[in-house]
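The values are calculated or read from the model by the stated rules, or taken from the named source; none is laboratory data. Keep in mind that this is a model prediction, so the values were computed, not measured. Here Cβ is always computed from backbone atoms with ideal geometry, including for glycine, and neighbour counts include all displayed protein chains.
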Amino acid sequence: MPPVLRLLRPHQWVKNLLLMVPLVLAHVLDEWTRVADVIVAILGFSLCASAVYVVNDLVDVESDRAHPTKHRRPLAAGTVAAPLAKILAFVLVVSGLALGYAVSMSTLAWMGLYVVVTSLYSFWLKRLVIVDVVVLSGLYTLRLAAGAAAADVSMSGWLATFSLFFFTSLAFLKRYVELRDTVEREGRVIAGRGYHVGDAVFVAVTGVALGFLAVLVFTLYLQSHDVRVLYTHPDVLWFVIPLVIYWVSRTWLVAWRGTMHDDPIVFAMRDIPSYVVFGLTAVILYVATL
């Protein structure tokens, strides 16, 4: 892959598929205007995300050069010049925001907030212990809200609560993997972060607990009136619970054993059991609507 393209991290665009979730859960996939708007919003978010990744690499270039794997990133390795990266970041963010504006003003507002928060994260927030993981999880939930705005559907409070617990668990997972890597390199502090190697157990315990709190929220949702309005056979959704428990438990076990990619989303993209879980969940959701 060319260095400039690697700088954009296109594999990370998969995270923006979260914008489709409110559309799917609202059961309006047959309304093509809404679908088209969400697709345009996904493209806009992807361009903005790449712009932020470029800015992040510009900020982190020195710490990346000291990292065992991140030193291969184009800016850290010197295969892409910093002036070119700055121009590229500007073009990407302007193009992304233009796509957001083309969808709706509310979509543009969410996209603008995403750019502001991620920029603050790159320059400052990622160095604040605990604050960093809360911000990361909030950015995932922000994508859901943006997807709801693009599709012009309401976002359930249940979905917002579940996503905050679930994605905070994944954010702690990301930090735990970085802490393990630091221990293996006989370091004491994660480069560019505020975590010490002694925080690893706390990070793991907190992350696992939050993952299972997300399961609890989903369980409570299945007993609410809301689920009976949207699904013909809501009891079928109970089969999703063991799948989520399995995925959360297995993902943390893989991290505990030291074989997790430093980004759990990238890990899931390459993990066959994850695809099986996602596929079975999709089938259960479909059956519940019949």
Look at L173 and say whether it is of a type in the set (A, V, I, L, M), assigned to a helix (DSSP H, G or I) and outside the structural domain of L220 (by TED's automatic domain parsing).
no
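When you check D64 against the structure, is it at negative phi and at pLDDT below 80, yes or no?
Values: at negative phi: yes; at pLDDT below 80: yes.
Yes, satisfied.
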For the stretch 257-277, name all the residues that are surrounded by 14 or more Cβ atoms within 10 Å (Cβ to Cβ) and in a helix (DSSP H, G or I).
P264, I265, V266, F267, A268, M269, S274, V277
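Go through the stretch 137-157 and give me each residue that's assigned to a helix (DSSP H, G or I) and modelled with pLDDT under 90. Talk me through it step by step, then tell me what you get.
Taking the stretch 137-157 as the starting set, the residues that turn out to be assigned to a helix (DSSP H, G or I) are 137-151, 157.
Correct list: G157 only.
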Residue list for the stretch 278-288, filter: among the hydroxyl-bearing types (S, T, Y) and surrounded by fewer than 16 Cβ atoms within 10 Å (Cβ to Cβ)
Y286
